[in-house]
Amino acid sequence: MKRVLALLMFIPMFAIAAEPPTKEIVCRACHGAAGAAPLMDLYPKLNGQNKGYLVSSLKAYKAGSRQGGMAGVMTAQSMSLSDADIDALASYYSSQP
């Protein structure tokens, strides 16, 4: 019985984590729905990435310390993100299959 209750408690938390944050729509323009279908090979898939990696990458873009590739675009996009936005986006993308 305890296992069933534990499982039932886990399911709603997983469902909440899968809800896209409001600012995900901006990311979707290049990285595709749920970060799984980038529009160009140059854009990475975000789905299933490690949350810590996503957080540190977005913070580095925002700080201007990440260079190369599409850094100019990502720096501009990340400037409007708060720490809470970054955490929400990282949680969302890391939870996607």
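Readers should treat all values here as calculations from the given coordinates under stated rules, not as data from a laboratory. The structure displayed is predicted, hence computed values, not measured ones. Every residue, glycine as well, gets a Cβ built from its backbone with ideal geometry; the counts of neighbours run over all protein chains shown.
Some points to look at:
- Prolate/oblate/rounded label for the range 24-97 (Cα gyration tensor, a/c 1.5): oblate
- Bridging of Lys51 to aspartates and glutamates at a Cα separation below 20 Å is possible for Glu19, Glu24, Asp83, Asp85, Asp87, once same-chain residues fewer than 8 apart are set aside.
- Inter-label distance for Asp41 and Ser80, nm, one decimal - labels placed 7 Å from Cα along Cα-to-Cβ: 3.1 nm
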